[in-house]
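Quick notes on the structure that follows.
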Amino acid sequence: MENLEVVDKPWGYYKVLEQTDISKSKVIVVNPGCKLSLQRHKNRSEEWEFRQGKAFFTLGFTLETLSRMPVQSPSKIIIPKYFWHRVENCGDEELIIFEVQIGTKLEEEDIERAEDDYGRI
């Protein structure tokens with residue numbers, strides 16, 4: 001198991017809870033008014049369980065097929081490999097997501113970004 005260090009991000013932070021060779025679980029906290037980059041992963045799928053807050057969630061196989069939907073906790077979303085996705089906190093409290101990654105490469109380097117508000121493309 002990895003240590004439970006908090007990793008600060010421009011949109012909030014995440015904390016790794018547990019990691020094996022094929023899975024990793026995290027808690028993701030998104031600050032009000034902030035959003036993650038529009039991203040996809042080639043080596044892993046993800047399951048997000050929304051635990052607190054309100055959000056807009058974007059998902060699509062191609063950038064042309066993206067759809068944006070409101071999400072309120074509690075709810076779950078499955079994100080297959082190669083699917084573009086983004087979450088943005090549209091509430092006035094922290095958005096808390098429990099994430100489980102499943103795949104062969106679980107490092108942050110497996111992020112391809114199409115859009116990012118924080119200059120990380």
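The values are calculated or read from the model by the stated rules, or taken from the named source; none is laboratory data. Only a predicted model underlies this, so the values are computations on that prediction, with no experimental measurement involved. Cβ atoms come from the backbone with ideal geometry, glycine included; neighbour counts cover every protein chain shown.
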- Item | Residues (over 19 Å from ASP110 (Cβ atoms) and in contact (Cβ under 8 Å) with a residue 60 or more places away in the chain) located in the stretch 35-81 | LYS35
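Within the group LYS24, LYS76, which residue is surrounded by fewer than 17 Cβ atoms within 10 Å (Cβ to Cβ) and charged (D, E, K, R)?
LYS76
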- Message: If I ask for residues that are in a strand (DSSP E or B) and either farther than 21 Å from GLY103 by Cα or more than 14 Å from the chain's Cα centre (by Cα) (or both), which ones from the stretch 29-41 would you list?
- Response: VAL29, VAL30, LYS35
- So is LYS15 part of a strand (DSSP E or B), of a type in the set (D, E, K, R) and either surrounded by 13 or more Cβ atoms within 10 Å (Cβ to Cβ) or touching a strand residue (DSSP E or B) at 6+ places or on another chain (Cβ under 7 Å) (or both) or not? yes
- Hits in the stretch 32-48 - residues which are basic (Lys, Arg) and surrounded by fewer than 19 Cβ atoms within 10 Å (Cβ to Cβ): LYS42
- Among the residues of the stretch 91-110 satisfying the criterion of being loosely packed, with under 14 Cβ neighbours inside 10 Å and out of contact with any Gly (no Cβ under 6 Å at 6 or more places or on another chain), which is modelled with the highest pLDDT? ASP92
